[in-house]
Every structure is written in C-alpha cells, then in structure tokens.
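Notes follow the structure.
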C-alpha cells in the first residue's frame, strides 16, 4: 500500500512546484514514487521539464509521472469495468453499443476518475508514495473523501429501502425480472448483502485508509499573502472535516510573521525562501513526509467517557454546526458535512451537550 | 434573461479581483448585477470588503452579491425539488425520512448546484447580468456545459433503451409496478416522451443559451507569466470546445509582449497595469462586456456546403481528435468531448475529410 501525499492551498502559491520537488525528494530518498497530475494541460509537463502521458512513465530512478485526462480514463473505465460488469450480470447487455470514446464529462467526473485510477496504482504495489497534484482546493478534499461520503449514502439509502413499505411492495415484482435478466437470484432478506455488500466493503476500506496519515496525508502550501493564508487556514479545517490528516504548512517565497505562525500551531512549519520558483532548488528542503507522530487526530470517539472530539482548526464557533437528524451525528463546517457513525454503545444516543473549545468540537452523549 | 459572465484563468492571476471590478462597473453602467462566488470561504467577502451570505444581498445600487455554500444549496434542492417531485409521482414516498441537512457532498455537486441556482436567478428576471466567479478552470467550463453534456446522455440512452430487446422485454413487468406506485400510466410507445421530455426541453433550453454570447460569455484573465499564459490559451480552446464564447483576454499586472498578443488574436485584449491589486482602481478600465459582435463562433454547420467548422484555438493538430462512433460526430480536445448532433440532411453521413487549419477543424461530410 502506498501513501497518498497531496498539497492544498490557494491557486498560484506554488503547489505544483512543491509537489514536483516533493516527488523528487522522496525518490532520491529511495522510495518508489508516482507523481500524478490532475492538470490536463501541457503546463504541468513544462513545469516538470518533461511532458507526461496518461500512463506512468519513468522520469528519473524511482520516479514515475502520469497526467490524468478525464476522457481517456472514462473510456478505459467504461470498457474495462462498466461493460464487463454489465456482461457479467445481464443476459442481454445493451451498453456494448455505447463507446467509451463518446461519453461526455460532467463536473466531478475528473475527480472520481482520478480517485479510481489512484486506487488502482495503490493496489498495484508498484509505488511507496503517490504524490497527487490535484486542484488543491475543496475538490481535492471531496475527492479523497468519496469513500466516506459514498459509504454514508449507501448505508443510509440501503436501510431506507429495506425499511420502507415501498421496498417490500415492489420487491416481489422486481425479483422475477432481475432473476430473468441478471444471472443471480436474490431474496428480500439478502437484498442488503448482495450486490451492495461488495460496494460497502470497498468504501469501508477507503474510509479506513483516509483516516490513516500513513495512507493519506495533506500538506498546506501558502505564501504570506493575506488571502492565501486565510484560504490555507480554511482548507486546514476543511481537511480535518473531510477526515484527512494535515501534516504541516509550507511557507513558500516569504517568511511568516510570528502571528501567522501561531495561527497554524501545532503544525510543522517549513519555510522555502530565496528560490527562483524552480523546483530543483527545493529538493531536500522539504519536510520529512514520513514523520506523522505529531499530527493531531481529526476525530476521536471515547466510548467510556461518552465523548466525541472533532479537531476543527481554522473555523470560528459560528462556522461549526452540529445536528442529529437521522441515526447519526452530522457536523457541518467548511462547506462540507461529516456524518459520524457512532459505535454500538453510543449509537442513537441524543446529544447532551456540545462545546467548541481550542479548535475542538466536544460532543457529550 | 440575464447574461452570465465568467472569468477563467490560472489560480492566482486575479480572477476574483477582476470579477468584483466587472460587477461594480456593470452596476455603475446601470445594469442590475448579481455577483455570485463559488468560493465558500470568508476570503471572497474580505476581497469584496463585505461578507456575503447564501441569499443575494444588496451591496451598492444595482449590485447584489451571493456566495454559494454547497450543503445549504443541497438541503434546499432536496426539500424543494426532490421531495416535492417524489411526493408528486409516488404514492408511497420514502425520501421524506432523509433530511437535506444530512446529505454529504460529492465532487461535482458544488458545480451542479451552482448552475441550478444560477438558472433560478436567471429565470427570476431580477438581474441583467450574473457575474459568476467560479473555480475559473475546466470545472467552470464543464459546469456551464452540463445542459449540453446532459442532453447528449439523455438522447443517447433514451434511444438505447427504446431500441434494445432488454427494454422491450422488461417493459411489461415494469409498467404495472410503476403504474401502481406512480400516479401516471405510460405505454412503451410514449416512454420516450414522458417524463423524460420535460428534462430534454430543459437541457435543450440550456444548450441554446450556452451557444449565445448574449447569454453566456467568458473572459480570460492572465498575467504574462509563462504558465499563466499557457493555461489561458488552453482554457480558450477548452471554452470553445465546451461551446462557450470567449469575449477577450484581460492582461493583469503586466503588459504582454507582441508575441503574447499575437497568440490571442483575434480576441479583444485589455491591459490592467499599475494598480495595487485593489479592484476599486479597475472599475471603468474593463472592456465593454456587452460588445459581442467580434466574437468568433465556436461551431458553424453549413448544410449546403456539407461542412462543419469548429473553432479550436490554443490547440495543436495533435491535440484535436475527431471520431464517429455513434450516430454523432465526436471532437476530443482539451480534456473534453463534444458530441455534435447534425441536422437532418447531414445526420448519419460518414466523414469524407477533416483538416485542422488556422485554429479551425473543418469537417466535410
């Protein structure tokens, strides 16, 4: 399993430059590194000094590079997964008349396709680190938390269908059709398990990886410009809210004031100054991305103390909202929702109190 | 109907600053302007000098501002549209037990929700111009072309289901169930029309608006930095490929060289120099966004000459690919696909020749 390392921050602060330098630094340190860019334009290749293609190619020893192109990823996914799956389950497949090469791209597909592809590279065991140079904004955070969000939708709606009159009413009608068309039988009782169990396991696996800084780790990149630091702070909180560990902040081009440094405590802070914007001069000056012991945990659930603690830096009390609509707790902050599935002893318990203190939302059940 | 005006370019070049200045300039010129920001952080409000909320609020005479927050838009959409629609069609609605306030956000939802909201503001007739400060990259282009892409999926898959044995096989089973659960009857013959006709018309309407620079218009913003201009060129071609008119290029902070200017001919070029990065100093110095006569058309179909001409600047011949898989022509360029529905006399005709000349892909049928 590889570590996915990504850089987030305002556009123009030098995220791609830092990502390229990080990939080189890790490769020089002996790790097998894949540098993956979400920018489909020739610009990333120009910055790197070598054009990239949609399949990983060697750059220097231990370093490979790849550039995602959504239409091509879509065509591959369609032919290798969607059509294959349809042929496996359906007796009269119809999607073979639709070509992967004609499918249009909706917003969000780039992100989902990138995550799907990264998952494949991860599973290949060919790399120790995947440096993912994504859009570097909320899109990157939402992309990495697709398994967590997807897991929520799956368990919530599966439960809904199972418990609804509608589900029970239409099941006897759907059953013979699906049995005739698909190659497997199912009963109302095992509907929850088959075939959605396969998806649930994949999403669960992704959610576990997301919460582990050895598997998924983000670093903030910022200049000392007021907008850039405000965005970095906002993304810091947003990353925690998405369940993604933030390992540190990289100050690019200029040195922070003591106030700016304090705003990012307790993160490890690295200053990159007096360089001409060339990534070559930054190799060796970046932090040790393998050191993860200092990283604050995004979420802790203390069952004996009946307490949930969510670390949400970069937000004020007014920006954090806690609700309890369905069977789970929902935290809203940073333009994102996080649904917390409580362990059995706390499940379904009403919230007794909640306070926001020292960047922590502390919920007592 | 309002004009949707958006700014695209590399992060950090000053897109939001220009968007704010443009909104003020248009409002001072007497138009009713809505400034809509996709940035959910407090940074946009700091730049504007006034915090924004998720409902439009007055800033100065003729100018209103709004900031999109995906979770809130999602909750509104869920309660006002999804639940309402379910209640209208289903006898046993189940979604009322799911709360809009607990739904997680996937990548791409921000974009789709923004477009849905903009469509509502547009239909309200309360504004003459909607200045949309989106992510400014391919996401913005994909967002605006959702109706075109969506229209393609709808007509392609509707046709597929209608023509497939599978569709005909399962229709007699589905018909009684849907008739029992939904409040309307349908036959296999009118399946194509009801209820997908409603969606088809909405998407068609959006596609027509997209192709009209009086309705949707993008401007490039760039500095003279090599990466920024390369991205601007790439986005120029990508916008044409998405069917979006580009009105001009705004050079921010520094003056372009003659070579840089030539690379963006025949676009109207505006230079914004000697300003401290404050939008106030830019009001009145931006181009006339109402002047659209000079804008090259993205796509022309000449039926008598049996010719399709697609304007694709910013790409080399190698970056443009033409295919004809299904019943339509597919152009691939700039990480996007464009499926061209030919008018009846040319429909289904094989491509005789295609050449790429002076930024035009010229296809003869």
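The values are calculated or read from the model by the stated rules, or taken from the named source; none is laboratory data. For clarity, every value in this text was computed on a predicted model and none was experimentally measured. No Cβ is skipped: glycine too gets one built from the backbone with ideal geometry, and neighbour counts run over all protein chains shown.
Tabulated data
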item	result
Counted residues, region A:1-59 - those being under 16 Å from residue A:279 (Cα atoms), within 14 Å of chain B (Cβ to nearest Cβ), touching a residue at least 12 places away in the same chain (Cβ under 8 Å) and surrounded by fewer than 18 Cβ atoms within 10 Å (Cβ to Cβ)	1
Among the residues listed as B:341, B:322, B:312, B:299, the single one being touching a residue at least 60 places away in the same chain (Cβ under 8 Å), in contact with a strand residue (DSSP E or B) (Cβ under 6 Å, 6 or more places away or on another chain) and surrounded by fewer than 20 Cβ atoms within 10 Å (Cβ to Cβ)	B:299
Test: residue A:75 is touching a helix residue (DSSP H, G or I) at 6+ places or on another chain (Cβ under 6 Å), assigned by TED's automatic domain parsing to the domain that holds residue A:227 and crowded, with 22+ Cβ neighbours inside 10 Å	no
Among residues of region A:112-136, those that are touching a residue at least 60 places away in the same chain (Cβ under 8 Å), within 12 Å of another protein chain (Cβ to nearest Cβ) and either surrounded by fewer than 18 Cβ atoms within 10 Å (Cβ to Cβ) or assigned to a helix (DSSP H, G or I) (or both), counted	1
Region A:325-335, residues that are surrounded by fewer than 23 Cβ atoms within 10 Å (Cβ to Cβ) and within 7 Å of chain B (Cβ to nearest Cβ)	A:325, A:326, A:330, A:332
Which listed residue is modelled with pLDDT of 80 or more, within 12 Å of chain B (Cβ to nearest Cβ), crowded, with 19+ Cβ neighbours inside 10 Å and more than 30 Å from residue B:100 (Cβ to Cβ), from A:148, A:102, A:86	A:102
Output for region A:151-160, where each listed residue is within 8 Å of chain B (Cβ to nearest Cβ) and surrounded by fewer than 17 Cβ atoms within 10 Å (Cβ to Cβ)	A:153, A:157, A:160
Some residue of region B:353-361 being more than 9 Å from chain A (Cβ to nearest Cβ), more than 18 Å from residue B:151 (Cβ to Cβ) and in a loop (DSSP other than H, G, I, E, B)	yes
Strands (runs of 3 or more DSSP E) contained entirely in region A:169-288, each with at least 2 residues that are touching a strand residue (DSSP E or B) at 6+ places or on another chain (Cβ under 7 Å) and in contact (Cβ under 8 Å) with a residue 40 or more places away in the chain	A:216-222, A:245-253
Filter result (in a helix (DSSP H, G or I) and touching a helix residue (DSSP H, G or I) at 6+ places or on another chain (Cβ under 6 Å)) within region A:99-108	A:100, A:101
